[in-house]
Amino acid sequence: MEVLQLLTSGISQGCVYGLIALGFVLIYKATEMVNFAQGDLMMLGAFIAYTFLNVLGLPPLVGLVATVAVMAVIGALIERVVLRPMIGEPLFAVLMITIGLGFVLRAVAGIVWGSEPKSIASPLAGGVLRIGDLTIGYQNLAIVGGTLALCLLLFGFFRFTRLGIAMQAASQNQLAAYYCGIPVKRVFSIVWALSAAIAAMAGMLVAPITLVDPMMGFIGIKAFAAAIVGGFGSLQGAMAGGLLIGIVEQFAGLYLPTGFADTSAYVILLLMLFIRPEGLFATMQRKKV
């Protein structure tokens with residue numbers, strides 16, 4: 001029963017890592033750049049949700065929809081104002097821009113909302129589901145259920161919509177997609193908007209069981225490790241890597257000495273780089289023209 005308890009907690013935590021890792025993978029697949037501010041976008045989404053739900057007192061569903069919409073706009077603006085002028089610059093310069101963007105977002109959050117941790121009220125807070133001796137919090141179930149729903153929506157979006165197919169085409173070959181009439185720059189803006197919206201959803205799901213503060217975005221480092229473990233170009237790999245790290249983290253926290261829980265993600269990352277550098281779900285990449 002102890003193992004089951006740890007497993008359920010690990011799955012819940014792994015879903016959060018997986019959602020943030022999805023944002024890493026989406027941007028990388030479309031633009032071949034790594035956004036190291038993804039965790040800080042999650043933090044910003046959590047603070048915006050706090051404003052809508054706790055400060056303005058909006059109903060939960062309205063607040064969640066408003067948060068996702070605002071973060072999507074912020075993501076598109078970041079791509080248009082910060083990243084698009086960097087087209088043609090070395091990838092290292094773009095990478096440093098995203099790292100600097102993370103510092104800026106943390107500073108803005110500290111100025112606007114302060115450095116004191118905030119809590120977001122949730123109708124599911126405190127509720128538990130008991131199955132024999134197994135206890136699962138309703139908020140943990142909401143995290144798992146929300147992650148599954150989002151993954152299904154993304155699958156349908158990329159499989160059955162024109163915009164999703166256009167995004168896949170742009171990720172395969174930007175020049176060929178442009179010649180076929182696909183507005184590549186607009187697609188990039190939408191990818192950033194989608195990535196920011198996913199980060200916001202991760203922040204809203206995890207905020208009721210943690211405290212919201214400007215430093216919570218550092219969870220994105222573990223999500224980055226999850227993306228690499230799963231295979232940086234694979235959406236399903238991002239979720240698998242997140243689940244693996246979340247589960248191992250829970251078991252390491254109980255059965256290994258103090259401190260191993262926080263470092264287990266990086267140990268898994270190093271082992272994966274030695275054993276299978278391309279990740280769990282890596283496939284041969286062929287450019288379609």
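The values are calculated or read from the model by the stated rules, or taken from the named source; none is laboratory data. Since the model is a prediction, treat every value here as computed from it, not as a measurement. All Cβ positions, glycine included, derive from the backbone under ideal geometry; neighbour counts span all protein chains shown. Surface areas here come from the heavy atoms of the whole protein model, side chains and all, with no ligands, DNA or RNA. Shrake-Rupley method; radii C 1.70, N 1.55, O 1.52, S 1.80 Å.
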Checklist entry - Looking at this structure, is Ile143 among the β-branched types (Val, Ile, Thr) and not in a helix (DSSP H, G or I)? => result no
Item to check | Subset of the stretch 191-221 (residues that are open to solvent by 30 Å² or more (accessible area, probe 1.4 Å) and not hydrophobic (A, V, I, L, M, F, W, C)) | outcome: Pro208, Thr210, Asp213
Checklist outcome for this item: Here the residues within the stretch 205-222 that are not in a helix (DSSP H, G or I) and not acidic (Asp, Glu) are Thr210, Leu211, Val212
Item to check | Residues located in the stretch 181-190, provided they are part of a helix (DSSP H, G or I), in contact with a helix residue (DSSP H, G or I) (Cβ under 8 Å, 6 or more places away or on another chain) and surrounded by fewer than 23 Cβ atoms within 10 Å (Cβ to Cβ) | outcome: Val184, Lys185, Val187, Ser189, Ile190
Item to check | Failed item in (1) under 25 Å from Tyr138 (Cα atoms); (2) out of contact with any Gly (no Cβ under 6 Å at 6 or more places or on another chain), with Gly241 passing the rest | outcome: (2)
Next on the checklist: Restricting to the stretch 154-164, name every residue that is open to solvent by less than 70 Å² (accessible area, probe 1.4 Å) and within 18 Å of Ala196 (Cα to Cα).
Outcome noted: Leu154, Phe157, Phe158, Leu163, Gly164
Next on the checklist: For the stretch 130-140, check the following and say yes or no: at least one residue is open to solvent by 40 Å² or more (accessible area, probe 1.4 Å) and either in a helix (DSSP H, G or I) or in contact with a Ser or Thr (Cβ under 7 Å, 6 or more places away or on another chain) (or both).
Outcome noted: yes
Next on the checklist: Here is a list: Leu269, Leu280, Leu254. Which entry is open to solvent by 40 Å² or more (accessible area, probe 1.4 Å) and in a helix (DSSP H, G or I)?
Outcome noted: Leu254
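Every residue in the stretch 133-153 that is polar (S, T, N, Q) and under 26 Å from Ser195 (Cα atoms), please. Can you show your working first?
Residues of the stretch 133-153 polar (S, T, N, Q): 135, 139-140, 147.
Residues satisfying the conditions are Gln139, Asn140, Thr147.
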Checklist entry - If you go through the stretch 223-245, how many residues are closer than 18 Å to Leu7 by Cα and surrounded by fewer than 24 Cβ atoms within 10 Å (Cβ to Cβ)? => result 3
Checklist outcome for this item: Among residues of the stretch 116-128 being at pLDDT 75 or above and not small (Gly, Ala, Ser), the residue least open to solvent (accessible area, probe 1.4 Å) is Ile120
Item to check | Selected residue (only one of Leu244, Leu175, Leu235, Leu152 is modelled with pLDDT under 90, under 24 Å from Gly279 (Cα atoms) and over 13 Å from the mean Cα position of the chain (by Cα)) | outcome: Leu152
